[in-house]
Structures are given as C-alpha cells and as structure tokens.
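J.: Take a look at the following structure, please.
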Amino acid sequence: MKRLVLLLLFGVTAGANGFTGDKSLLARVTVYWAQGGHGADQYTRQHKSATGTRLRQGHCAVDPKKIPYGSRVVLPDGTTLAAVDTGTAVRNRKAARRSGRTNYERNAVVIDKFFETKRQALAWANSNPPFVSVRVIPPNTLTVAKPNITNSQRIALNPAITTTNAVTPGPGVVAPATKASPPATIGVIIRNPLGRLGR
C-alpha cells in the first residue's frame with residue numbers, strides 16, 4: 001500500500017512539473033560560436049545543429065530532457081532563444097557543477113547561446129551574469145502579442161462617414177451617386193496624458 005501511495009505521489013509531482021505552460025528555471029548560460037579559435041566543433045563551424053536546423057544567432061543548445069527542442073527560452077533582458085541544439089557539456093551540466101556556489105546553482109540547467117564569432121560570444125558572456133532565471137515557453141504554445149503603444153501616435157479625429165440620398169428620384173432624373181464626407185484630418189498628434197507615468 002505504501003508503494004502505491006508513493007508511486008501515485010511521484011506521478012502527481014512529475015505531472016505538475018511537466019511542460020503544461022510557461023516554466024521558470026535557474027540556468028547557467030554559456031556561449032559557443034562558429035568562427036574564431038577554440039570553442040567550435042566541426043558541426044558548429046558548418047552551422048549544423050542536432051535538429052537539422054541551420055545555426056544562427058538567436059539559437060541555443062539545451063538538454064532536450066529538461067527543455068524540449070522547439071522551446072523558446074526567454075532571458076531576463078527579453079531576448080528570446082530557440083532551443084535547436086544540444087551537446088555533451090550541456091547535458092551533463094558541467095559548467096553549472098563547476099561554477100555553482102550553492103546546491104541550487106550546481107543543479108541549474110545549462111543553456112549554451114550560439115554566436116557567429118568568438119568576439120561576439122565573449123563580449124556577451126563578460127557583460128552578463130553566469131546564472132540567470134529564464135522562462136521556458138514549450139513548443140506549440142500560442143503567445144499573445146503585446147500592443148505597441150507609444151506616447152505620440154497619429155489618430156484620425158473624424159472618421160470618414162458615408163452618406164446616401166434617401167429621396168427616390170422621379171422618372172427621367174439621374175440618381176445622385178453616393179457621396180462621402182471629406183477625408184478625416186490626419187497628422188494631428190494627441191499626446192497620451194498617462195504616457196509619462198511610471199518613468
């Protein structure tokens with residue numbers, strides 16, 4: 001009976017931790033590149049990934065058991081990476097185990113961000129913290145686009161109104177065509193009074 005309860009509890013816990021929606025994880029973000037010295041293997045130099053997708057900036061290598069291929073990884077700065085590649089060092093979490101100061105950091109997943117050149121990769125690595133909290137969006141998850149609202153958008157003040165003549169003309173009289181009101185004034189800028197709040 002105890003085994004049954006333990007198995008049931010384990011199954012519920014595993015299901016709750018599955019990819020049912022956005023998931024936040026602590027990650028050790030490392031870098032790799034296609035050109036420029038040691039750090040690129042033969043596949044990376046040819047821009048070949050584990051999924052067959054041609055590697056480009058905006059791609060990353062992950063452990064597919066932790067983060068499925070096709071997932072989007074959102075970094076704290078808002079950059080979104082596509083999980084298309086993997087590697088031995090990513091799967092065995094070597095970077096997290098070596099540089100982590102706490103158990104939480106040593107157990108972090110490793111995400112390897114792809115760059116074209118070694119210079120770009122090292123510049124990014126030197127200007128960002130090694131451990132960050134990332135958001136993982138599973139594949140085939142719809143995202144709602146955020147509206148792009150700026151402080152000074154042009155708005156038409158008078159929308160064009162179409163009017164028709166309701167009088168029926170007599171015989172031999174040509175009916176007037178449908179006429180539209182003059183076009184609305186465009187180019188007037190209305191400032192959002194709430195636009196400066198929170199800045």
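The values are calculated or read from the model by the stated rules, or taken from the named source; none is laboratory data. Quick caveat: nothing in here was measured; it's all calculated off a predicted structure. All Cβ positions, even for glycine, are placed from backbone atoms using ideal geometry, and neighbour counts span all protein chains on display. Quick note on the areas: whole protein, heavy atoms, side chains included, nothing else; ligands and nucleic acids left out. Shrake-Rupley method; radii C 1.70, N 1.55, O 1.52, S 1.80 Å.
J.: Keeping every protein chain in place, order 24, 71, 99 by accessible area at 1.4 Å, biggest value first, i.e. largest first.
T.: Result, largest first: 24, 99, 71.
J.: When only the heavy atoms of the protein chains count and the probe is 1.4 Å, how do 101, 28, 91, 56 rank by accessible area, highest first? If you can, show how the numbers build up before the last one.
T.: Numbers: 101 205, 28 45, 91 115, 56 140 Å².
Result of the area sort, largest leading: 101, 56, 91, 28.
J.: Cα gyration tensor of segment 36-131, axes a ≥ b ≥ c as square roots of the eigenvalues: rounded (a/c below 1.5), prolate (a/b > b/c) or oblate?
T.: Verdict is rounded for segment 36-131.
J.: Just list whichever of 23/94; 66/118; 94/118; 65/94; 48/94; 23/48 have alpha carbons separated by over 18 Å in the model shown.
T.: Flagged as over cut-off: 23/94; 66/118; 94/118; 48/94; 23/48.
J.: Moving on. Separation of segment 36-80 and segment 82-119 by C-alpha centroid, Å?
T.: With segment 36-80 and segment 82-119 each reduced to a Cα centre, they are spaced 11 Å.
J.: If a paramagnetic tag sat 7 Å from the Cα of residue 94 along the Cα-Cβ line, which residues of segment 22-41 would have the backbone N under 15 Å from that point?
T.: The answer is 30-33, 38-41.
J.: Quick one: how many Å² of residue 94 are accessible to a 1.4 Å probe, rounded to 10?
T.: 90
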